[in-house]
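Contents: one structure, followed by commentary.
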Amino acid sequence: MQKRMVYFVSDRTGITAETLGHSLLSQFSTISFQFHTFSFIDSIEKSEEFIQLISTSAQSEKHRPIIIASMVNSEIRNKIKQTSSFFIDIFETFLGSLEQELNTPSEKTVGQAHGILNTKEYNDRIEAVNFALAFDDGSKAEHYEQADLILVGVSRSGKTPTCLYLALQYGISAANYPFTPEDLDSVTLPNPLKKFKNKLIGLTIQPERLHQLRQARKPNSTYAELHQCQKEIKTLEAIYQTLHIPYLNSTSLSIEELSSKIIMLSGVHRKNW
């Protein structure tokens with residue numbers, strides 16, 4: 001398998017370069033990538049240190065390093081571009097053609113992509129994160145009328161991280177409720193959820209994967225036994241189907257993919273769009 005070194009470099013956080021870079025490189029599954037991120041390379045001095053590192057990498061590795069950059073400063077960008085690397089710069093690639101189309105020069109402001117451009121939007125997202133934390137794992141179920149949606153599922157099926165992602169990325173107030181073995185004794189909704197059926201989105205997961213996750217949390221416990229996981233998932237999916245609760249399988253979905261599907265399934269408005 002071919003091995004390639006990949007460097008994400010930016011004069012700010014590097015989030016933009018990382019996000020686009022990972023999306024692009026995920027299309028090459030037969031190649032082994034090693035990722036390194038260098039943030040806040042915002043001076044000539046810092047860029048020279050980075051260039052020295054790239055030169056060393058180019059000499060020691062079989063293949064030239066790949067650099068995926070988001071650099072506003074053209075002087076720094078051009079210096080890095082001269083290294084013995086395969087260089088992609090997001091701003092250079094797209095801004096020029098956009099300037100032509102819009103007939104307007106870009107502002108070339110460092111950090112613009114992830115700055116606080118809209119204070120209300122930012123505050124909405126922070127409030128949604130606080131909501132997700134406060135309403136995690138069945139907490140404050142008596143106040144579920146405040147939730148935009150409620151994720152339900154068994155323990156370790158991905159509810160909490162998905163709620164936090166929905167809050168941080170989209171400003172959606174998402175609560176979550178864990179179905180306990182007692183909740184699964186009958187094909188009906190637990191009392192705290194009965195008034196909010198229209199807000200429910202179910203999560204399920206392959207029993208084998210659930211077994212792995214629970215083993216990591218509580219090794220060799222009844223909670224983690226494969227038989228217990230199979231039993232819970234079988235009953236859970238029967239509840240979803242009987243009560244017509246829309247649900248998704250989280251086994252092979254990233255949090256980003258799962259969140260997008262939840263939004264489409266629920267019809268909840270993306271608050272920061």
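Coordinate-derived values only; no laboratory data. All figures in this text were calculated on a predicted structure; none of them were measured in a lab. Cβ atoms come from the backbone with ideal geometry, glycine included; neighbour counts cover every protein chain shown.
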| message | Residue by residue through the stretch 237-253, what is 3J(HN,Hα) from phi via Karplus (6.51 cos²θ - 1.76 cosθ + 1.60, θ = phi - 60°)? Round to whole Hz and write x for glycine and proline. | response | 5, 5, 5, 4, 6, 5, 9, 6, 8, x, 8, 10, 8, 8, 3, 10, 9
| message | Given points 7 Å out from each Cα along the Cα-Cβ axis, report the LYS46 to SER252 separation in nanometres with one decimal. | response | 4.1 nm
| task | Calculate, in nm to one decimal, what THR188 and THR119 gain on full extension: separation in residues at 0.36 nm each, minus their alpha carbon distance. | result | 20.6 nm
| field | Computed over the stretch 39-153: relative contact order in percent, which uses C-alpha pairs under 8 Å that are six or more apart | value | 18 percent
| request: With r as the distance between the Cβ atoms of SER26 and HIS63 and R0 = 22 Å, compute the FRET efficiency 1/(1 + (r/R0)^6) and round to 0.05. | output: 0.75
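Please compare each pair in LYS3/LYS218; LYS140/LYS231; LYS195/LYS234; LYS197/LYS234; LYS62/LYS261 to a cut-off of 32 Å on the Cα-Cα distance and tell me which ones are over it.
Pairs exceeding 32 Å: LYS3/LYS218; LYS62/LYS261.
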| query | Who wins for biggest fluctuation among LEU133, LEU20, LEU98 in a Gaussian network model of the chain, springs between alpha carbons below 10 Å? | reply | LEU98
| query | Which whole-number percent is the relative contact order of the chain (Cα, under 8 Å, 6+ apart)? | reply | 15 percent
| query | Could you give the nm distance between label points at HIS244 and ASP137, where each point is 7 Å from its Cα heading toward the beta carbon? | reply | 3.4 nm
| note | Subtracting the Cα-Cα distance of SER74 and THR37 from 0.36 nm times their residue separation yields 11.4 nm
| message | What are the ³J(HN,Hα) couplings of the stretch 166-171, residue after residue, when phi is run through the Karplus curve with 6.51, -1.76, 1.60 and θ = phi - 60°? Round to Hz, x for glycine and proline. | response | 4, 5, 6, 8, 10, x
| In degrees, nearest ten, helix 255-266 long axis to first principal axis of the chain (Cα) | 50 degrees
